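The values are calculated or read from the model by the stated rules, or taken from the named source; none is laboratory data. Model, not experiment: these values are computed from the prediction. All Cβ positions, glycine included, derive from the backbone under ideal geometry; neighbour counts span all protein chains shown. These accessible areas exclude ligands, DNA and RNA; they are computed on the full protein's heavy atoms, side chains included. Shrake-Rupley method; radii C 1.70, N 1.55, O 1.52, S 1.80 Å.
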Amino acid sequence: MKLLSEKATCNSHGQDSSYFLGWQEYEKNPYDEIQNPKGIIQMGLAENQLSFDLLESWLGQNPDAAGFKRNGESIFRELALFQDYNGLPALKNALVKFMAEIRGNKVTFDSNNLVLTAGSTSANETLMFCLADPGDAFLLPTPYYPGFDRDLKWRTGAEIVPIRCTSSNGFRITESALEESYKLAKSRNLRVKGVLVTNPSNPLGTTLTRNELELLVSFVAEKGIHLISDEIYSGTVFNSPKFVSVMEVLVENEYMYTDVWERVHIVYSLSKDLGLPGFRIGAIYSNDDVIVSAATKMSSFGLISSQTQYLLSAMLSDKKFTKKYISENQKRLQKRHAMLVKGLKSIGISCLESNAGLFCWVDMRHLLKSNTFEAEIELWKKIVYEVGLNISPGSSCHCTEPGWFRACFANMSEDTLNLAIHRIKVFVDSSDVISTNVDQSNQTNQNIVTSPKKKLFSKWGFRLSFNDRER
């Protein structure tokens, strides 16, 4: 007799992706300046640890919020009791104002259209449950966040069809790529329910242009489908061009009184902008009352604690603090981003030009032994085990071109980042791969010159599926 469900025994979670497996290797041998100086440095985790001092300073200056008090009186019992799954009105009101502030107050948000969720992971999955049935498809531009294979598909049964973007135009979304993806889904007998984009992009660290956003809105309007804009990195934009939300495009192009207005949805979170992933503060914003109602009911399976909601509502309501935080955090991200880009450039490694996020999209195609994803994984293994860095290979992000990697820079100290750059330099200087001038856009193997040195890596225990890139 079968005792477990198909969901419990299936292997579609994506946990065997190199993205997650790199984390596992890091956890076995984590770098520590004193205890384990030769350990693996974690550059595969998009956490923002650059502005904790600002948050801690605010907590020190606001003991009532941190101590769960109101006007000096404890409200611990009030917060400890059962909560309404609609969420605390104070947090919802503060959150929509914070979202507008990040967008330069060019648009406003209605707290009645906001659904609180336990992080953006929950928000994206909840939207999938609301918009798609098992077997329905969403189109996603590549490269995309590896966790989407889990978040969007695993429990919902929805499918992902790639919108293939390439380095030839900086991985920008084009009309032809959208149409090809739509046709591919139809050829697989999939009903396309919408498009999902991350803006700013994870893993590219770039903001969508106004032209791209207008193209996307026009596309979903023509096809009669939904658009989800995951904007959890909107407050991390540290260079021009400035961030443009899909909501701005809708308003500017007078979509407010059309059916498209109700088919565009925003996902937001405080995990990246405030560096609080452990607080699990996420949100869905939709102009469709039915979606808001259904998502609110579903949120009862993953609520944010009342204590967390109370604390964050007080913090976000302090406009003097939020203004200072947003500005200072962006300056720190800009400085740290420049450190990594400059350091890599000094050793002959370039990055995609970017203006946002907690990571760089690093071009290591010239270090591949051949222009294949197998060669990319071989290089990645060396970087993890020999160099001692966990970075994410492009294949885990469903990139169509071998040799790109995502490297995070905001989850460590400056000293640790400098050490990581030094380790890469030592590796490149001693590498047995010497690249020649090769057209990286073709699909043939690159010409290489190898030294008689023995191969640096011989064993690897990970189970990797290259077929995952096609999903």
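Return a yes/no flag: does the stretch 157-171 have any residue that is of a type in the set (A, V, I, L, M, F, W, C), assigned to a loop (DSSP other than H, G, I, E, B) and touching a residue at least 40 places away in the same chain (Cβ under 8 Å).
Start the filter on the stretch 157-171 by keeping residues that are of a type in the set (A, V, I, L, M, F, W, C), which leaves 158, 160-161, 163, 165, 171.
Subset that is assigned to a loop (DSSP other than H, G, I, E, B): 158, 165, 171.
In the following step, the residues that additionally are touching a residue at least 40 places away in the same chain (Cβ under 8 Å) were identified as 165, 171.
Yes.
Residue by residue, here is whether (1) modelled with pLDDT of 95 or more; (2) of a type outside the set (Ser, Thr, Tyr); (3) under 17 Å from the mean Cα position of the chain (by Cα) holds:
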| site | (1), (2), (3) |
| --- | --- |
| Lys92 | yes, yes, no |
| Leu95 | yes, yes, no |
| Phe98 | yes, yes, no |
| Ser111 | yes, no, no |
| Val115 | yes, yes, no |
| Thr121 | no, no, yes |
| Ala137 | yes, yes, no |
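So which residues in the stretch 307-335 are open to solvent by less than 20 Å² (accessible area, probe 1.4 Å) and either at pLDDT below 95 or more than 23 Å from Tyr144 (Cα to Cα) (or both)?
Within the stretch 307-335, Gln309, Leu312, Ser313, Met315, Leu316, Thr322, Tyr325, Asn329 qualify.
Exactly one residue out of Lys2, Lys97, Lys106, Lys7 is open to solvent by 30 Å² or more (accessible area, probe 1.4 Å), among the charged types (D, E, K, R) and farther than 30 Å from Ala294 by Cβ, and it is Lys2. Just one residue in the set Glu56, Glu78 is under 30 Å from Tyr26 (Cβ atoms), part of a helix (DSSP H, G or I), acidic (Asp, Glu) and open to solvent by 80 Å² or more (accessible area, probe 1.4 Å); that residue is Glu56.
Looking only at residues of the stretch 138-185 that are hydroxyl-bearing (Ser, Thr, Tyr) and closer than 22 Å to Ser218 by Cα, we find that the one that is most open to solvent (accessible area, probe 1.4 Å) is Ser176. Does His398 satisfy the condition of being within 22 Å of the chain's Cα centre (by Cα), at positive phi and not hydrophobic (A, V, I, L, M, F, W, C)? Yes: the conditions hold for His398.
Quick grid of which residues meet (1) more than 26 Å from Tyr145 (Cα to Cα); (2) part of a loop (DSSP other than H, G, I, E, B); (3) open to solvent by 60 Å² or more (accessible area, probe 1.4 Å); (4) modelled with pLDDT under 95:
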{"site": "Arg406", "(1), (2), (3), (4)": "no, no, no, no"}
{"site": "Ala410", "(1), (2), (3), (4)": "no, yes, no, no"}
{"site": "Thr416", "(1), (2), (3), (4)": "no, no, no, no"}
{"site": "His422", "(1), (2), (3), (4)": "yes, no, yes, no"}
{"site": "Val438", "(1), (2), (3), (4)": "yes, yes, no, yes"}
{"site": "Gln443", "(1), (2), (3), (4)": "no, yes, yes, yes"}
{"site": "Val449", "(1), (2), (3), (4)": "yes, no, yes, yes"}
{"site": "Lys454", "(1), (2), (3), (4)": "yes, yes, yes, yes"}
{"site": "Phe457", "(1), (2), (3), (4)": "yes, yes, no, yes"}
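Here the condition is being of a type in the set (Asp, Glu) and without any contact (Cβ under 8 Å) to a residue 12 or more places away in the chain; of Glu252, Glu248, it holds for Glu252 alone.
Confirm whether Ser176 is in a helix (DSSP H, G or I), free of Cβ contacts under 8 Å to residues at least 24 places away in the same chain and within 29 Å of Glu101 (Cβ to Cβ).
Values: in a helix (DSSP H, G or I): yes; free of Cβ contacts under 8 Å to residues at least 24 places away in the same chain: yes; within 29 Å of Glu101 (Cβ to Cβ): no.
Here the answer is no, as Ser176 does not meet what is asked.
Of the residues making up the stretch 278-293, just one is open to solvent by less than 30 Å² (accessible area, probe 1.4 Å), more than 23 Å from the chain's Cα centre (by Cα) and within 14 Å of Tyr85 (Cα to Cα), namely Val292.
Would a scan of the stretch 211-228 turn up a residue that is open to solvent by less than 10 Å² (accessible area, probe 1.4 Å), part of a loop (DSSP other than H, G, I, E, B), under 29 Å from Leu50 (Cα atoms) and at pLDDT 95 or above? No, the stretch 211-228 contains no residue that is open to solvent by less than 10 Å² (accessible area, probe 1.4 Å), part of a loop (DSSP other than H, G, I, E, B), under 29 Å from Leu50 (Cα atoms) and at pLDDT 95 or above. Against the numbered list (1) at negative phi; (2) crowded, with 19+ Cβ neighbours inside 10 Å; (3) aromatic (Phe, Trp, Tyr); (4) not in a strand (DSSP E or B), Tyr268 comes up short only at (4).
Within the stretch 345-365, being open to solvent by 30 Å² or more (accessible area, probe 1.4 Å), in contact (Cβ under 8 Å) with a residue 24 or more places away in the chain and more than 17 Å from Thr166 (Cβ to Cβ) holds for Ser346, Gly348.
Give the stretch 327-383 a look and list any residue that's of a type in the set (Lys, Arg) and part of a loop (DSSP other than H, G, I, E, B), or say none.
Here is the first cut: in the stretch 327-383, the ones of a type in the set (Lys, Arg) are 331-332, 335-336, 342, 345, 365, 369, 381-382.
The one that is of a type in the set (Lys, Arg) and part of a loop (DSSP other than H, G, I, E, B): Lys369.
Specify which of the listed residues (Asn253, Asn239) is surrounded by fewer than 24 Cβ atoms within 10 Å (Cβ to Cβ), among the polar types (S, T, N, Q) and more than 22 Å from the chain's Cα centre (by Cα).
Values: Asn239 fails: more than 22 Å from the chain's Cα centre (by Cα).
Testing whether each residue is surrounded by fewer than 24 Cβ atoms within 10 Å (Cβ to Cβ), among the polar types (S, T, N, Q) and more than 22 Å from the chain's Cα centre (by Cα) leaves just Asn253.
Tell me whether the stretch 89-99 contains one or more residues that are in a helix (DSSP H, G or I) and basic (Lys, Arg).
Step one: filter the stretch 89-99 for residues in a helix (DSSP H, G or I), giving 89-99.
Subsequent filtering for residues that are basic (Lys, Arg) retains 92, 97.
Yes.
Can you tell me which residue is farthest from the chain's Cα centre (by Cα) among those in the stretch 190-201 that are open to solvent by 10 Å² or more (accessible area, probe 1.4 Å) and touching a residue at least 60 places away in the same chain (Cβ under 8 Å)? Restricting to residues being open to solvent by 10 Å² or more (accessible area, probe 1.4 Å) and touching a residue at least 60 places away in the same chain (Cβ under 8 Å), the top hit is Lys193. Scan the stretch 153-175 for residues that are among the aromatic types (Phe, Trp, Tyr) and either closer than 19 Å to Arg191 by Cβ or in contact with a Cys (Cβ under 6 Å, 6 or more places away or on another chain) (or both) and the total you get is 1.
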